[in-house]
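The next block holds one structure in the form of structure tokens; read it before the comments.
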Amino acid sequence: MALSTTRTMSSKSSTTDGSIPETILVGLIHKPHGLRGEVSVESFSDLEGRFAVGSAFHLAVPGVPRRDIRVRSCRPGKRGLLVGFDGVTDRDRAEEIRGGRLEVDRSEVPPAPEGEYYYFELIGCRCVDAELGELGTVREVMEDGGGQILLIEGEQGVLLVPFVKAFLVNVNIAERRIEIEAPEGLVETCRSKS
């Protein structure tokens, strides 16, 4: 059982009550590019056409009321995408949206293939081990180069547990519950030392 390669996720899309968020982070706006209002965007979505001309997003910029924004142009850049948005036509307007989060309604995210999960679906799930019982709640999904790691916070501290088929008994997104069967000693080994 593998995580979906679709990266519409991020722990930044999480909620405080463990429920699946209503809006999903699909991109972060970094610095302006050039003088005509383009910005560098880091995409968290593998969905074909997510940033196509005409695509609409909810824009959340710290300290500014949320608003909707539409793509005017999009092209590949050295470190992500170079995107122009309607109404952002010069460097000053582009600077105003720096640090903005581009989000879509959860209903705009297609279902993950059977046996795969979006990161945002896993954040907030309770983790239970067959032997040890309640381990805590998934706070983050991290990449370690060889796969995904669940960062689980619980009464016993922070656990870093590999999200691999060999340990998974059941993943129930609707019930916000992940059941694992960790080999003896894994939980102790995976406990964060920091």
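The values are calculated or read from the model by the stated rules, or taken from the named source; none is laboratory data. Just so it is clear, the structure is predicted and the values come from calculations on it, not from any experiment. All Cβ positions, even for glycine, are placed from backbone atoms using ideal geometry, and neighbour counts span all protein chains on display.
Out of everything in the stretch 31-43 that is under 17 Å from the mean Cα position of the chain (by Cα) and of a type outside the set (Gly, Ala, Ser), what residue ends up being surrounded by the most Cβ atoms within 10 Å (Cβ to Cβ)?
By that ranking, first place goes to VAL41.
Every residue, every condition in (1) closer than 10 Å to ALA94 by Cα; (2) of a type in the set (Lys, Arg), yes or no:
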| site | (1), (2) |
| --- | --- |
| ILE24 | no, no |
| GLY27 | no, no |
| ARG36 | yes, yes |
| VAL39 | yes, no |
| GLU42 | no, no |
| ALA60 | no, no |
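Any residue in the stretch 70-89 that's in the same structural domain as GLY54 (by TED's automatic domain parsing) and free of Cβ contacts under 8 Å to residues at least 40 places away in the same chain: show its pairings with residues that are assigned to a loop (DSSP other than H, G, I, E, B) and among the aromatic types (Phe, Trp, Tyr) at Cβ separation under 6 Å, as long as the two are six or more apart or on different chains.
VAL71/PHE51; CYS74/PHE51
Tally up the residues in the stretch 75-87 that are in a loop (DSSP other than H, G, I, E, B) and either touching a helix residue (DSSP H, G or I) at 6+ places or on another chain (Cβ under 9 Å) or buried (at least 17 other Cβ atoms within 10 Å of the Cβ) (or both), please.
The qualifying residues number 1.
Could you go through the stretch 147-157 and let me know if any residue there is within 17 Å of the chain's Cα centre (by Cα) and modelled with pLDDT under 85.
yes
So that you can scan it fast, the table gives a plain yes or no per residue for (1) under 16 Å from GLY37 (Cβ atoms); (2) buried (at least 16 other Cβ atoms within 10 Å of the Cβ):
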residue: PRO62; (1), (2): no, no
residue: ARG66; (1), (2): no, no
residue: SER73; (1), (2): yes, no
residue: THR89; (1), (2): yes, no
residue: ARG93; (1), (2): yes, no
residue: SER107; (1), (2): no, no
residue: ILE123; (1), (2): no, yes
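Which of the residues spanning the stretch 136-177 are charged (D, E, K, R) and closer than 15 Å to TYR118 by Cα?
Matches in the stretch 136-177: ARG139, GLU140, GLU143, ARG176, ARG177.
Given the structure, is THR137 of a type outside the set (Phe, Trp, Tyr) and surrounded by fewer than 17 Cβ atoms within 10 Å (Cβ to Cβ)?
no
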